[in-house]
1. Scan the range 2-18 for residues that are outside any loop (DSSP other than H, G, I, E, B) and under 32 Å from the mean Cα position of the chain (by Cα) and report the count.
2. LEU152: farther than 25 Å from SER223 by Cβ, touching a residue at least 40 places away in the same chain (Cβ under 8 Å) and either in contact with a helix residue (DSSP H, G or I) (Cβ under 8 Å, 6 or more places away or on another chain) or buried (at least 16 other Cβ atoms within 10 Å of the Cβ) (or both), yes or no?
3. Let me spell it out: the conditions are (1) more than 29 Å from GLU11 (Cβ to Cβ); (2) free of Cβ contacts under 8 Å to residues at least 40 places away in the same chain, and ILE112 meets all of them except one. Which number is the exception?
4. Checking the conditions here, which among ALA68, ALA137, ALA119, ALA64 is touching a helix residue (DSSP H, G or I) at 6+ places or on another chain (Cβ under 6 Å) and not assigned by TED's automatic domain parsing to the domain that holds SER18?
5. Can TRP166 be described as in the same structural domain as THR180 (by TED's automatic domain parsing) and either out of contact with any strand residue (DSSP E or B) (no Cβ under 9 Å at 6 or more places or on another chain) or not polar (S, T, N, Q) (or both)?
6. Please tell me if ILE159 is of a type outside the set (D, E, K, R), at pLDDT 85 or above, touching a helix residue (DSSP H, G or I) at 6+ places or on another chain (Cβ under 7 Å) and not assigned by TED's automatic domain parsing to the domain that holds PRO71.
7. Here are LEU139, LEU148: which of them is outside any strand (DSSP E or B) and of a type in the set (A, V, I, L, M)?
Amino acid sequence: MPQELHTDMFETPWSTASFSRGLFGLAPNPSHIEKVLRDLTLWEKRKDRIMTLSGGMKRRVMIAKALAHEPRILFLDEPTAGVDVELRRDMWALVRRLREGGVTIILTTHYIDEAEEMADRIGVISKGELIVVEEKAKLMKKLGKKQLTLHLQEPMTEIPLELARWPLHLKAEGSELVYTFDTQEERTDIPALLKCLSDLGIGFRDLNTRQSSLEDIFVSLVSERAGKPQ
């Protein structure tokens, strides 16, 4: 699926999808073309010229062209760039069905949350070079971090020396104490940290933990390669 339509503007969704199927040497299959157009909410527009369609509808036509020949490997080049919420939702529902049906999907996207939700394997490209390829679960486990945030009862101006053994930092003008730890470590030392805080008389109102997202890992990898502080 390309990013733009250039040569089909005077065609209809039905004719361009049927033509795309023929380009791959497949016999006509009107029932399959109908299913694709219905899945993409294009059936009512099947006889309209593509040049008269909205931007979102044109993007649906591009998807229809890509699916017309029943591919086993599907390349999607930034399919949701600049599309509306409804199309993005419909498209990912369709992609899930294709994946469950055994289609291999190679997706390029700048929306990291989409990759995190949809992908089984992740590849990160920085400055034209593929710097990591890994199963998503393994990548998240290997490079992911967790953060424990303590919402303090009283703001702190600096971290006491007694807490130096933990990698801590202050946020929110000293009202939050953040502990970052490796998810692969068997012992996180959190109980010892909480006991030390209690011994020092440092109280907190609430606490929460946060797991690194794929976007965090992506930024970390690219920043590290560029030599930038994370």
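1. Residues of the range 2-18 that are outside any loop (DSSP other than H, G, I, E, B), as a first pass: 13-18.
Still in the list and also under 32 Å from the mean Cα position of the chain (by Cα): 13-14, 16-18.
Within the range 2-18, residues that are outside any loop (DSSP other than H, G, I, E, B) and under 32 Å from the mean Cα position of the chain (by Cα) number 5.
2. Details: farther than 25 Å from SER223 by Cβ: yes; touching a residue at least 40 places away in the same chain (Cβ under 8 Å): yes; either in contact with a helix residue (DSSP H, G or I) (Cβ under 8 Å, 6 or more places away or on another chain) or buried (at least 16 other Cβ atoms within 10 Å of the Cβ) (or both): yes.
It is true that LEU152 is farther than 25 Å from SER223 by Cβ, touching a residue at least 40 places away in the same chain (Cβ under 8 Å) and either in contact with a helix residue (DSSP H, G or I) (Cβ under 8 Å, 6 or more places away or on another chain) or buried (at least 16 other Cβ atoms within 10 Å of the Cβ) (or both).
3. All conditions pass for ILE112, except number (2).
4. Details: ALA68 fails: not assigned by TED's automatic domain parsing to the domain that holds SER18; ALA137 fails: touching a helix residue (DSSP H, G or I) at 6+ places or on another chain (Cβ under 6 Å); ALA64 fails: not assigned by TED's automatic domain parsing to the domain that holds SER18.
The unique qualifying residue is ALA119.
5. Details: in the same structural domain as THR180 (by TED's automatic domain parsing): yes; either out of contact with any strand residue (DSSP E or B) (no Cβ under 9 Å at 6 or more places or on another chain) or not polar (S, T, N, Q) (or both): yes.
Here the answer is yes, as TRP166 does meet what is asked.
6. Working: of a type outside the set (D, E, K, R): yes; at pLDDT 85 or above: yes; touching a helix residue (DSSP H, G or I) at 6+ places or on another chain (Cβ under 7 Å): no; not assigned by TED's automatic domain parsing to the domain that holds PRO71: yes.
Answer is no for this residue.
7. Details: LEU148 fails: outside any strand (DSSP E or B).
Residue meeting the stated conditions: LEU139.
The values are calculated or read from the model by the stated rules, or taken from the named source; none is laboratory data. All of these numbers come straight from a predicted model, not from anything done at the bench. Every residue, glycine as well, gets a Cβ built from its backbone with ideal geometry; the counts of neighbours run over all protein chains shown.
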